[in-house]
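*Asks:* After the structure tokens below, expect a handful of questions from me.
The values are calculated or read from the model by the stated rules, or taken from the named source; none is laboratory data. What you see is a predicted model; the values in this text were computed from it and never measured. With ideal geometry, Cβ positions are generated from the backbone for all residues, glycine too; neighbour counts draw on all protein chains shown. In case anyone asks, the SASA skips ligands and DNA or RNA and just uses the protein heavy atoms, side chains included. Shrake-Rupley method; radii C 1.70, N 1.55, O 1.52, S 1.80 Å.
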Amino acid sequence: MTTTVPDPGLLALGLDGVMQGATSSYEKRLGDMAGVYRDDAAYRRALAEKGAGFLVYRVEEHRNVGGPGALIIGTSTLQPGRYGDEFAVTRGHLHAQADRAELYYCLSGTGVMLLETLDGRSEALPMRPGGAVHVPGHWVHRSVNVGDEPFVTLFCYGADAGQDYELIARAGGMSSLVVDDGAGGWSTRPNAEHTGYART
Ligand code: ZN
């Protein structure tokens, strides 16, 4: 039996999230974020002001092979913003293979990694340049930009992990929101619309 050995990837990372050597990329724009923010009126005001094409976040990835053991390495660049008192977020997900872990390393900006388990544990871990968060398997995770500059992370996870993006929407959002504390910082508060996570 022969094994096809993929080529190595040489990746040049900009603090702006541009990754030379990326093999794919995607963007999420304001029009893609319906239902994500709890203050829907604030979201709709932003949509009217900025337009559906306003960039919320961009992901660049290097993936050269699939299967167990392979890695997907990429950058996430989340633009700053507030929707009501809630800071700009990525959609967030649980890995479809829920036991798959992930590393996030902050390249620039100021953010929070919001983490929750299906049985109700919640963590909001601050991220600054040079800091990293190890997201174990079985944690729902989402990036939050709590600063005024783009929040850029380098991520790395198993190529067979996959993502369940609908879990959070079905639960009425994550159980905690990262919000403006009114004093130049951030805090968390419970999301009253959260109904608990139910996997299908
Ligand atoms: Zn992930």
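*Asks:* So, for the chain, what is the accessible surface per residue at a probe of 1.4 Å, expressed in square angstrom?
*Replies:* Result: 49 Å² per residue.
*Asks:* Exposed loop trypsin sites (Lys or Arg not before Pro) only (DSSP loop, at most 15 other Cβ atoms within 10 Å): please give the longest stretch of the chain free of them, not including the sites.
*Replies:* Segment 1-120 is the longest.
*Asks:* Estimate the FRET efficiency between Arg189 and Asp32 by the formula 1/(1 + (r/R0)^6), using the beta-carbon distance for r and 25 Å for R0, to the nearest 0.05.
*Replies:* With R0 = 25 Å, the Cβ-Cβ based efficiency is 0.50.
*Asks:* Let me ask something else about it. Give me the distance in nm between label points sitting 7 Å out from Cα along the Cα-to-Cβ direction at Cys156 and Arg45, one decimal.
*Replies:* About 4.3 nm, to one decimal.
*Asks:* In whole percent, what relative contact order does the chain give with Cα contacts below 8 Å and a gap of six or more residues?
*Replies:* With pairs under 8 Å counted, the relative contact order is 22 percent.
*Asks:* Right, next: Relative to the first principal axis of the alpha-carbon coordinates of the chain, what is the inclination of helix 40-50, with its axis defined by its Cα atoms, in degrees from 0 to 90 and to the nearest 10?
*Replies:* Taking Cα atoms only, the helix is inclined about 70 degrees.
*Asks:* Next question, about the same structure. Where nothing but the Cβ of Lys and Arg (+1) and of Asp and Glu (-1) is charged, how large is the charge dipole of the chain around its Cα centre, in debye to the nearest 20?
*Replies:* 180
*Asks:* Label-point separation (nm) for Asp181 and Val5, each offset 7 Å from Cα along Cα-to-Cβ?
*Replies:* 5.2
*Asks:* Measure off, as a whole percent, the carbon and sulfur share of the 1.4 Å-probe accessible area of region 14-182, all protein chains present.
*Replies:* 50
*Asks:* While we're looking at this one, here's another question. Calculate how large, on average over all directions, the projected area of the Cα convex hull of the chain is; give the answer in nm² to one decimal.
*Replies:* For the chain, averaging the hull's shadow over all directions gives 12.0 nm².
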